[in-house]
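Structure record follows, encoded as structure tokens.
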Amino acid sequence: MRYHYHPHITRLWRDAARFDDVERIPPDAEAVQFRREKKSHRGISRFSGLRGLSAEATDQDFLEEICQLSQLEYLELAWPTTAKDLTPLIQLERLKFLRIDSPRNIEDFTPLLRLPQLEALIIENAKHLTTLDWLKPMASQLKVLGIEGSMNTDQRIESLAPLAEFELEALLLVSTRLEDQDLTPLHGMASLRLLETALNAPRREFEALHAARPELVCSWFHAEKWNGFRDPRPPKAKV
């Protein structure tokens, strides 16, 4: 798992086995990886002891059944995510980590605000997600936030300004395009320890952030990282 800095994930996934048939899942399993093949997910809700689940090819029916697993603390909706409504997730009151990969049909992410224990949220390649304003109610709750693109598609983010009051420990902006190219909202985030990001701001922005937060880990703070790279094109002027 890439998110190795989060100890909760490491613990749950150390021995997670992979299945595509619910009949093969051990009745006492705590964490599994499952790929849906047509209706092969039917019955997964009876594994009430599951605390961790990586679910591939999650359609709406699969999501509805996943959300009956009330003990879940860790959930990955791995590629492809074709569900259209995230509202069922509000049943998962113990959920601490949620990753959603390529939710191409999701337009409303606000149901995630009703997950009271959520500490880490990773959303990748979300077609209809361009602003972070909706996340503001989670400013004091989230410790890890990832808004990322894919190998072939950058995730467009209007601005980091909505994160200015957050208390994040890690911020992941891999394969992103930051429209205003402004990193100043991170200057006052004293809790932030790790920034993994695409080159989505000019070098002076990274230098200013490094000066404001010298203890922050970010590869763009190192001069050698810039070999062969140049500043991204400046943002288009607003008309």
For q = 0.17, 0.19 Å⁻¹, Debye-computed log10 I/I(0) when each Cα of the range 172-239 counts as one equal scatterer: -0.60, -0.74
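Equivalent ellipsoid semi-axes for the range 114-239, as square roots of 5 times the alpha carbon gyration tensor eigenvalues: give them largest first, rounded to whole Å.
On the way: eigenvalues 98, 65, 38 Å².
Equivalent ellipsoid semi-axes, largest first: 22, 18, 14 Å.
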Computed label-point distance, nm, for sites Ser70 and Thr87 using a 7 Å Cα→Cβ extension: 2.1
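How high is the FRET efficiency from Ala211 to Ala164, r the C-beta distance, R0 22 Å, rounded to 0.05? Walk me through the numbers before you get to the answer.
Working: r = 18 Å, r/R0 = 0.81.
Efficiency computed from Cβ-Cβ geometry: 0.80.
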Using distinct alpha-carbon pairs, which all enter the 1/r mean, Kirkwood radius of the chain in Å: 18.8
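Net charge near Lys84, counting Lys/Arg +1 and Asp/Glu -1 over other residues with Cβ under 14 Å of its Cβ? The partial results should precede the final answer.
On the way: positive: Arg104, Lys127; negative: Asp59, Asp61, Glu64, Asp85, Glu107, Asp108.
Surrounding charge for Lys84 is -4.
How large is the helix-only mean residue ellipticity at 222 nm for the chain, computed as the sum of -39500 (n - 2.57) over DSSP H runs with n ≥ 4, divided by its residue count, in deg cm²/dmol to the nearest 500? Mind dumping the intermediate values first?
Details: 3 runs with 24 residues, N = 239.
Taking each H run of at least 4 residues, the total per residue is -2500 deg cm²/dmol.
Is there a quick way to get the dipole size of the range 1-155? I mean about its Cα centre, with the Cβ of Lys and Arg at +1 and of Asp and Glu at -1; what is the value in debye to the nearest 20? Working shown, then result.
Details: 21 positive and 24 negative charges, 51 e Å.
About 240 debye.
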Positive dipole terminus of the chain, leading residue within Asn227, Val217, Asn125 (C-beta point charges): Asn227
Cα-based reach from Lys236 at 18 Å (exclusive), listing aspartates and glutamates while leaving out same-chain residues under 8 positions away: Asp154, Glu158, Glu179, Asp180, Asp182, Glu205
Amide H within-cut-off set for Thr176, under 5 Å, with H built and near neighbours excluded: Gly149, Gln155, Ala198
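Given Cα pairs under 8 Å that are at least 6 residues apart, what percent is the relative contact order of the range 104-199? Before the final figure, lay out the partial values.
On the way: 194 pairs, mean separation 23.9, N = 96.
Once normalised by length, the contact order is 25 percent.
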Mean Cβ count within 10 Å, highest first, over the residues of peptides 42-54, 73-85, 204-216: 73-85, 42-54, 204-216
Rounded Å value of the spacing that divides the Cα centres of the range 115-154 and the range 185-218: 18
Gain in span if fully extended, His222 to Leu113, counting 0.36 nm per residue against the direct Cα distance: 35.6 nm
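Which values, in whole Å and largest first, are the semi-axes of the equivalent ellipsoid of the range 22-100 obtained as the square root of 5 times each eigenvalue of the Cα gyration tensor?
Working: eigenvalues 53, 46, 23 Å².
The three semi-axes for the range 22-100 are 16, 15, 11 Å.
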Hydrodynamic radius (Kirkwood) for the range 73-126, which is based on Cα pairs only, to one decimal in Å: 11.1
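Just so you know, all these numbers are worked out from the coordinates, no wet-lab data involved. In this text the structure is predicted, and so the values were computed from the model without any measurement. Using ideal geometry, Cβ is built from the backbone for each residue, glycine included, and neighbour counts are taken over all protein chains shown.
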